[in-house]
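First the structure, in the form of structure tokens, and then the observations on it.
The values are calculated or read from the model by the stated rules, or taken from the named source; none is laboratory data. Given the structure is predicted, the values throughout are model-derived calculations rather than measurements. Backbone-built Cβ (ideal geometry, glycine too); neighbour counts: all protein chains shown. For accessibility, only protein heavy atoms count, side chains too; no ligands or nucleic acids. Shrake-Rupley method; radii C 1.70, N 1.55, O 1.52, S 1.80 Å.
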Amino acid sequence: MLAGNRAAAADQFIKFADTYKQSPMMASALYNAGIARYEQKDLAGAAVAFGRLVAEKPDSKEAVDGRFWLGVAQFELGKAAEAVATLARWPTA
């Protein structure tokens with residue numbers, strides 16, 4: 001991730017997703033942006049990226065894991081009710 005610069009990497013992933021909305025890599029870019037934000041403890045930024053992923057690319061393989069991480073970020077932000085609602089829609093099988 002840009003030689004360890006997670007903030008810059010997340011920004012580039014978001015820029016890619018904004019620029020190439022129809023790309024098959026858009027979901028991956030949003031997922032990686034969320035992970036980079038989460039790893040730098042930017043929980044609100046992670047929740048935005050993961051929320052956008054599940055809203056804009058709900059049928060992507062990344063959306064399954066993205067929904068899980070969205071719920072985790074919401075919980076860590078103190079939004080337990082939102083986290084429960086998010087994770088209730090997470091596939092269990």
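Here is the figure for the stretch 16-27: residues that are within 24 Å of Leu77 (Cβ to Cβ) and surrounded by fewer than 21 Cβ atoms within 10 Å (Cβ to Cβ) total 1.
Is one or more of the residues making up the stretch 30-44 hydrophobic (A, V, I, L, M, F, W, C), surrounded by fewer than 14 Cβ atoms within 10 Å (Cβ to Cβ), at pLDDT 95 or above and in a helix (DSSP H, G or I)?
Yes, there is a match, as at least one residue in the stretch 30-44 is hydrophobic (A, V, I, L, M, F, W, C), surrounded by fewer than 14 Cβ atoms within 10 Å (Cβ to Cβ), at pLDDT 95 or above and in a helix (DSSP H, G or I).
Residue count for the stretch 29-40 satisfying the condition of being closer than 15 Å to Gly71 by Cα and either within 8 Å of the chain's Cα centre (by Cα) or among the basic types (Lys, Arg) (or both): 4.
Within the stretch 45-60, the only residue that satisfies the criterion of being open to solvent by 50 Å² or more (accessible area, probe 1.4 Å) and within 12 Å of Ala10 (Cβ to Cβ) is Val48. Screening Thr86 against (1) over 9 Å from the mean Cα position of the chain (by Cα); (2) open to solvent by 30 Å² or more (accessible area, probe 1.4 Å) leaves a single unmet condition, (2).
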